[in-house]
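See below for the structure under consideration.
The values are calculated or read from the model by the stated rules, or taken from the named source; none is laboratory data. Since this is a predicted model, take the numbers as computed values, not measurements. Using ideal geometry, Cβ is built from the backbone for each residue, glycine included, and neighbour counts are taken over all protein chains shown.
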Amino acid sequence: MGACELCGKEGVATRRAKVSQSILECCSGCVSSMGLVVEQRPTKVSSNNEQKSLVTGRGVSGMDIMTKDAVELAGDFHSRIREGRKIKGISQEDLARIMSVKKGVIQKAENGNRPTDSILEKFEKALGISLFVEAISRSETMVANESSSQMTISDAKKDVVNKTRKRPERKKRRRFGVSRSGSRSRR
């Protein structure tokens with residue numbers, strides 16, 4: 001779960017969408033209301049042979065705090081799970097049996113609800129897929145436009161609004177119950 005970079009809604013599943021000349025993480029509400037083009041990335045099916053760092057200290061044991069932000073959950077994790085399951089040719093019930101979880105957990109994950117980290121590891125192991133991607137440093141993300149000044153989210157929204165079809169102005173019509181000469185005065 002992440003935050004939409006257009007509307008700011010937090011705790012929602014986001015997808016990478018093209019806004020003006022930029023790629024932003026957007027919620028499904030912004031994608032549908034603004035008619036944004038979602039960036040499609042092919043699902044990689046690979047074995048997970050990565051070694052995890054186990055460092056113990058005064059803080060949380062077993063977690064290296066320096067590598068904590070090295071990877072993050074992919075925004076399209078739910079479609080990666082669904083595609084991985086379909087490539088393997090197994091049903092949701094069979095996957096639930098393999099992972100020793102309930103079928104509802106599989107359904108929720110495929111619908112975009114973020115499962116726990118232990119469940120995500122089970123998905124990776126059972127399907128042979130990678131659900132985590134390299135983290136993008138938030139401090140180094142820059143959105144640019146054609147001019148030399150930096151672009152803001154507001155500028156990106158204005159670009160989208162300007163490109164959308166504007167409705168023609170409606171012709172003024174006579175309203176029912178209103179006389180042409182205006183209101184009557186009582187004398």
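If we scan the stretch 46-69, do we find a residue that is surrounded by 14 or more Cβ atoms within 10 Å (Cβ to Cβ), among the small types (Gly, Ala, Ser) and either modelled with pLDDT of 75 or more or more than 21 Å from Ile129 (Cβ to Cβ) (or both)? Taking every residue of the stretch 46-69 in turn, none turns out to be surrounded by 14 or more Cβ atoms within 10 Å (Cβ to Cβ), among the small types (Gly, Ala, Ser) and either modelled with pLDDT of 75 or more or more than 21 Å from Ile129 (Cβ to Cβ) (or both). Looking only at the stretch 125-135, decide whether some residue is more than 23 Å from Arg16 (Cα to Cα), free of Cβ contacts under 8 Å to residues at least 40 places away in the same chain and out of contact with any Ser or Thr (no Cβ under 6 Å at 6 or more places or on another chain). Yes, the stretch 125-135 has at least one match.
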